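Derivation of every value follows stated rules applied to the coordinates shown; laboratory data play no part. In this text the structure is predicted, and so the values were computed from the model without any measurement. Because the Cβ atoms are built from the backbone with ideal geometry, glycine has one as well, and the counts that use them run over all protein chains shown.
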Amino acid sequence: MCAAYSADGRAPNDRRRDKAVEVKIGVQHAPREITLESGQSVEDVERAVSDALAGKAPVLSLVDEHGRKVLVPADRLAYVEIGEPSARKVGFSAL
C-alpha cells in the first residue's frame, strides 16, 4: 500500500464521506425547493443557516457532495430543512 493512502484506501484529502446530510431549502418566490446532499456535518450546515439568518452572512453558502457550491441570498430564505446523516446507498436495487 502506498504511504499517501490511509488504511481504507482513501487519499488523505479525499472528500468522500461515509455519511451525507440532506438539506432542503425553500426560497421565497421560487416554485421549487433546492435539495442537496452535503458532506458537511449537521452542525456546520446549521451554523451556516444561523449566520445567514442573523445577518452575519449576506448569503447562505453550502457545498454539496460533488463539491458544487450552492448560494442563496439570506433575505430570500423561506425555510431550511436539515435531515439526519444517512448512510450512502451502494449498488442497485429492484425497487
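Under conditions of 25 °C and 0.890 mPa s, the stretch 20-84 yields 211 µm² s⁻¹ as its translational diffusion coefficient, taking Rh as the Kirkwood radius over Cα pairs in the Stokes-Einstein equation. Excluding same-chain neighbours fewer than eight residues apart, the aspartates and glutamates reachable from Lys19 by a Cα-Cα span under 20 Å are Asp8, Glu37, Glu43, Asp44, Glu46, Asp64, Glu65, Glu81, Glu84. Its Cα centre serving as origin, the stretch 20-84 has a Cβ charge dipole (Lys and Arg +1, Asp and Glu -1) of approximately 360 debye.
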